[in-house]
1. Of all residues in the stretch 176-219, which are under 29 Å from H37 (Cβ atoms) and hydroxyl-bearing (S, T, Y)?
2. Pairs, please: C-beta under 6 Å, at least 6 apart or cross-chain, first residue over 13 Å from A40 (Cα atoms) and in the stretch 158-186, second open to solvent by 10 Å² or more (accessible area, probe 1.4 Å) and among the aromatic types (F, W, Y)?
3. Hey, among L4, L57, which residue is touching a Lys or Arg at 6+ places or on another chain (Cβ under 9 Å) and either in a helix (DSSP H, G or I) or buried (at least 24 other Cβ atoms within 10 Å of the Cβ) (or both)?
4. What number of residues within the stretch 216-233 satisfy the criterion of being within 16 Å of the ligand (Cβ to nearest atom) and either over 18 Å from the mean Cα position of the chain (by Cα) or open to solvent by 10 Å² or more (accessible area, probe 1.4 Å) (or both)?
5. If you scan the stretch 262-279, which residues turn out to be out of contact with any strand residue (DSSP E or B) (no Cβ under 9 Å at 6 or more places or on another chain) and in a helix (DSSP H, G or I)?
6. In the stretch 62-93, which residue that is crowded, with 20+ Cβ neighbours inside 10 Å and under 21 Å from I231 (Cα atoms) is farthest from the chain's Cα centre (by Cα)?
7. Please work out if A262 is open to solvent by less than 30 Å² (accessible area, probe 1.4 Å), among the hydrophobic types (A, V, I, L, M, F, W, C) and closer than 24 Å to L111 by Cβ.
8. Can you pull out every residue in the stretch 9-24 that is open to solvent by less than 50 Å² (accessible area, probe 1.4 Å) and either within 14 Å of A171 (Cα to Cα) or among the charged types (D, E, K, R) (or both)?
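The values are calculated or read from the model by the stated rules, or taken from the named source; none is laboratory data. None of these values were measured; they are calculated from a predicted model. Virtual Cβ from ideal backbone geometry, glycine too; neighbours counted across all protein chains shown. The protein model used for the area step is the full one, side chains on, heavy atoms only, and it has no ligands, DNA or RNA in it. Shrake-Rupley method; radii C 1.70, N 1.55, O 1.52, S 1.80 Å.
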Amino acid sequence: MRVLVTGGAGYIGSHTARRLKASGFQPVIFDNLSVGHAFALVGMDSIVADLADRDALSAALRRVDAVMHFAAFSGVSESVRDPRKYFHNNVQTGLSLLHAVLDAGIRYFILSSTCAVYGPPSRVPIPIDTPRLPINPYGATKLALEHALEAYSAAHGLQYASLRYFNAAGADESGAIGELHRPETHLIPNALLTASGQRSELQIFGSDYPTPDGTCIRDYIHVNDLADAHILALRYLHNGGESAAFNLGTGTGYSVLEVVQAVEAVTGRPLPRRVCPRRAGDPPALIADPSHANKLLQWKPSRNLRDMVSNAWQWMQSPTYLKAQT
Ligand code: UDP
């Protein structure tokens with residue numbers, strides 16, 4: 001099956017595109033490289049263009065049977081500062097893509113969604129049927145596309161899966177691709193940048209949360225386990241599975257301090273750190289209840305926190321990363 005991977009030069013999209021290829025699919029990456037990286041296109045069938053380029057998009061859609069849509073901005077704080085950028089790119093451009101997909105008669109659509117659609121959870125682990133009440137523009141933009149998919153599926157028969165990611169982490173085991181954001185804000189890469197001496201200390205945002213060690217708990221999920229879920233979701237839809245949303249996390253949470261310990265264990269270096277005030281909008285604990293994905297997609301994440309940290313560490317020492325970082 002031929003699959004258009006929008007945002008396929010980005011972090012999760014690039015890992016998914018490679019695993020699609022390794023699993024016998026024919027991925028076609030569509031990316032404007034505004035956030036994505038040229039190194040992710042090496043060896044891949046790709047189109048460098050903007051989703052707003054209607055001609056390029058229509059031509060690309062004629063070549064495929066399914067779409068996986070990763071091309072979106074994903075910074076929570078940035079979405080608060082610049083919501084227009086987020087509604088324009090994630091909603092306006094996302095809807096244009098969706099309409100082009102309908103016009104092209106494509107039947108399968110996989111959406112990169114997020115646990116940010118839930119807002120502060122009333123129950124942890126978070127069940128899939130938790131009401132969606134996002135508290136930041138990023139979550140609201142993803143929810144808007146989820147709503148559109150639900151309506152278009154009912155009205156037009158589009159088959160979709162909305163995949164709500166928890167905390168993506170790690171890198172491909174090959175060391176060829178991995179995470180590289182500018183600026184980097186995420187915990188694991190920030191901790192590894194500190195371990196490598198590129199940052200003087202890791203800031204720990206809050207140590208007075210109502211958690212066992214006082215720091216926030218998150219459900220970290222290896223990027224290749226996420227990638228595999230996309231492939232399983234496509235197979236599920238193709239086999240007649242009903243359109244649905246899925247939580248993609250392991251179901252186990254780790255605190256910031258537990259991540260720090262994992263980073264020290266993997267790198268063998270002590271991590272200079274400083275407790276800072278809480279970061280605005282951080283809920284104390286976000287943990288997935290992934291049972292829906294386990295059951296319907298037969299998805300079982302196989303990599304643990306140590307794997308995520310060590311693959312990320314290996315990636316951050318690779319020539320590709322070091323070259324792209326400069
Ligand atoms: N965090 C931290 N220091 C950092 C980056 C993140 O203490 O330099 C904390 C953050 O407050 C949150 C957790 O680590 O509790 C995960 O944050 P990240 O930005 O990686 O992902 P998010 O949960 O915001 O999507």
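1. Correct list: T185, T194, S196, S200.
2. As it stands, the answer is L158/Y152; Q159/Y108; N167/Y220; A169/Y220, since those pairs meet every condition given.
3. After ruling out the rest, the residue left standing is L4.
4. 4
5. E264, A265, V266, T267
6. Step by step, filter the stretch 62-93, then rank; the result is V64.
7. Answer is no for this residue.
8. A9, G10, Y11, I12, G13, S14, H15, T16, A17
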